[in-house]
1. Given the criterion at pLDDT below 90, facing chain A (nearest Cβ under 10 Å) and either touching an Asp or Glu at 6+ places or on another chain (Cβ under 7 Å) or surrounded by 14 or more Cβ atoms within 10 Å (Cβ to Cβ) (or both), identify the matching residue among B:74, B:87, B:102.
2. Can you list the strands (runs of 3 or more DSSP E) lying wholly within the stretch B:268-314 that have 1 or more residues being touching a strand residue (DSSP E or B) at 6+ places or on another chain (Cβ under 6 Å) and without any contact (Cβ under 8 Å) to a residue 40 or more places away in the chain?
3. Quick test for you: out of B:344, B:263, pick the one residue that is buried (at least 16 other Cβ atoms within 10 Å of the Cβ), modelled with pLDDT under 85 and either more than 30 Å from residue B:199 (Cβ to Cβ) or in contact with a Ser or Thr (Cβ under 6 Å, 6 or more places away or on another chain) (or both).
4. Looking at B:233, B:247, which one is on the phi < 0 side of the Ramachandran plot, assigned to a strand (DSSP E or B) and not hydroxyl-bearing (Ser, Thr, Tyr)?
5. State which residue pairs qualify: first residue in contact (Cβ under 8 Å) with a residue 60 or more places away in the chain and inside the stretch B:126-143, second residue in a helix (DSSP H, G or I) in any location, beta carbons under 7 Å apart, and separation of 6 or more residues or different chains.
6. When the stretch A:122-154 is examined, which residues are found to be under 24 Å from residue A:233 (Cα atoms) and surrounded by 15 or more Cβ atoms within 10 Å (Cβ to Cβ)?
7. Could you please find all residues in the stretch A:255-295 being more than 14 Å from chain B (Cβ to nearest Cβ), touching a residue at least 24 places away in the same chain (Cβ under 8 Å) and open to solvent by less than 50 Å² (accessible area, probe 1.4 Å)?
8. How many residues are more than 7 Å from chain B (Cβ to nearest Cβ) and either under 30 Å from residue B:151 (Cα atoms) or open to solvent by 40 Å² or more (accessible area, probe 1.4 Å) (or both) when one looks only at the stretch A:187-216?
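The values are calculated or read from the model by the stated rules, or taken from the named source; none is laboratory data. None of these values were measured; they are calculated from a predicted model. Heads up, the Cβs are rebuilt from the backbone with ideal geometry, glycines too, and the neighbour counts pull from every protein chain shown. When the accessible area is computed, the model is the full protein with side chains, heavy atoms only, and any ligands, DNA or RNA have been set aside. Shrake-Rupley method; radii C 1.70, N 1.55, O 1.52, S 1.80 Å.
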Amino acid sequence: MRPSVIPGFGLSLGYTLTWLSLIVLIPIIGLFLKAAQVPLDEIVKIATAARTWHALEVSFGSSLIAALVNVVFGVLIAWVLVRYKFPGKRLLDAIVDLPFALPTAVAGIALSALYAKKGWVGSLFTPGGPLNEWIAAQTWLPFGLSSFQFDWKIAYTPSGIVIALIFIGLPFVVRTVQPVLEEFEAELEEAAATLGANRLQTITQVILPRLTPAILTGFALAFARAVGEYGSVIFIAGNIPGVSEIAPLLIVIKLEEFDQAGAAVIAGIMLLIAFAMLLVINLIQAWARRRFGDV
Amino acid sequence: MEIRVENVIKEFSRYPALDNVSLGVRSGELIALLGPSGSGKTTLLRLIAGLENPTAGRIFFGEEDASQKTVQERNVGFVFQAYALFRNMTVLENVSFGLKVRPRATRPPKSEIRRRALELLDLVQLNGLEKRYPQQLSGGQRQRVALARALAIEPRVLLLDEPFGALDAQVRKELRKWLREIHDRTGHTTVFVTHDQEEALELADRLVVMSRGKIEQVGTPDEVYDKPNSPFVFDFIGESSALPVTVQGGEVWLGDRALGLRAEGTAPGSYRLYFRPHDVDLVDDGPALVGVVAGARRVAGLRRVELEIGGDGARAEIDLPHDHPAGERTRIAFRPRLWSLFPA
């Protein structure tokens, strides 16, 4: 290799690799070594168990939904924070980071209290709750709409898991999109306007494509964080095996049963799926970056 | 399309960027807004485009009051200094953008949009590059794409904001000539902003010289160059020298020396005498300005010498043939051919 203009390549690469190994690679290799001690038919048995599959499904499924919801609302929040001036803006900006700082168990307990049947939000969607009573009172509504009743149990169901994962993933999307939006050239919007494009066309055809790489990054971060989340979810999930039991919880259960090998196998599967998904997102990002310019 | 700007005032947080400006642009004219930075030239252009709203005053396109209309409705072609091309679109998509976003009723069919975009790329001499992305083009090519994109919507007026400001000198010159050609071929009423006087003089039918939110002078390049109406214009356009003089008895004096310049009808008093370095005649005798050479430098085919005139350190520059024998401390006598007096 030709010596680079920037000195210190060997040193910095060596340092990077050592650090990455100590912090990330060695623990992961240890995990796979542990899993490899398990005989193959045992691995297959654990991997194909219905309970394992359900847990993985719940984990990745709710993480995906939560990350998608976060993309929509995260971009909206970033937009509002960047584009408008209003009193309390700094405060709102700081609030966005709270899910980073709050112990996730606290968040889980708070959310389950809110979304439980008797909680402020949960009661709205419970039969006999205030919102349902109000709807029932609107007898003037056509098509028998007033007989419509919410019966949506949120806490202690998969819905609760999604809510918790939305909570912890939100800052990732906001914080990745915000700086890109801040640097967005006003001239591009002005150019679109002089060419006759209305606001909707400008946003969908000019602004959003430029935000795509940042949105993908935020999505990947929120998704990855959600897959690994444990603390907040176990308080709100209800943890019913096969219904609202997430994979990390299953791993903890295995550990408590002194089945370290089983835990390692499930962890290994999780890791592989997560890695594959992040790799795909990264590839899409690289493509988007080429396509839409570097962001 | 004729443009009329009537008594326009624009304030940015109480600071006036434009102070009661009125201007008429004739149909099919290529007009330059020229001035130093902060003179309000870009603000005026953006007001015409509708990218800013005037604090007071009105802007007409023909007989129509454009100040009541949004940017989208004004149908102007606007070219930005930094190109403002859409990076997520190919060159062809950029040029067709303005047609594609039209409401269905006025949108041409797809094949027609493509045909027109390709035709415009041909006009700006970029045929064959329609599949490239803006990042893959040079600065000059990008600006030509920007112009094609602006022309695609069949604008009523074409507005260019320092269109060549980000380009290097060679490309600038080329594009300048080429913009003139395009203008002559398409006949759009065109307003462009520049701080480069050479560009303005070479390209424009008329110049609007601006300073501190006001229009100083409007005229053809000849008028503005040969008959500047204020010391500012004299200073800003072309090279100039200024000397403190007095007028007495219809004659211009520097100290106690008559200069051989008649100033009949000018009230006696103190003035500043402005002239251009190349508008001077060397004289051997008679009343004249006399100075000694204090410095010299080569300017293209001429030698520009700085003269110390009189005892009190006044200096002026004049142009001499590059092979003129004058050296340090040589005494030179000259008389300005074209000159103006402005009150001191």
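1. Details: B:74 fails: at pLDDT below 90; B:102 fails: at pLDDT below 90.
The match here is B:87.
2. In the stretch B:268-314, B:289-299, B:302-309 are the strands (runs of 3 or more DSSP E) which contain 1 or more residues that are touching a strand residue (DSSP E or B) at 6+ places or on another chain (Cβ under 6 Å) and without any contact (Cβ under 8 Å) to a residue 40 or more places away in the chain.
3. Details: B:344 fails: buried (at least 16 other Cβ atoms within 10 Å of the Cβ).
Answer to the selection: B:263.
4. On the way: B:233 fails: assigned to a strand (DSSP E or B).
Unique residue meeting the criteria: B:247.
5. B:143/B:175
6. If the condition is that a residue be under 24 Å from residue A:233 (Cα atoms) and surrounded by 15 or more Cβ atoms within 10 Å (Cβ to Cβ), then A:122, A:123, A:124, A:125, A:126, A:153, A:154 are the ones that fit.
7. If we filter the stretch A:255-295 for residues that are more than 14 Å from chain B (Cβ to nearest Cβ), which is where we start, we get A:255-286.
Subset that is touching a residue at least 24 places away in the same chain (Cβ under 8 Å): A:260-262, A:264-271, A:273-274, A:277-278, A:281-282, A:284-285.
Scanning the stretch A:255-295 gives A:261, A:262, A:264, A:265, A:266, A:267, A:268, A:269, A:270, A:274, A:281, A:285.
8. The initial filter retains those residues of the stretch A:187-216 that are more than 7 Å from chain B (Cβ to nearest Cβ), namely A:189, A:192, A:199-200, A:202-205, A:207-208, A:211-216.
Add one more test, that the residue is either under 30 Å from residue B:151 (Cα atoms) or open to solvent by 40 Å² or more (accessible area, probe 1.4 Å) (or both), and what stays is A:189, A:192, A:199-200, A:202-205, A:207-208, A:211-212.
Selection size over the stretch A:187-216: 12.
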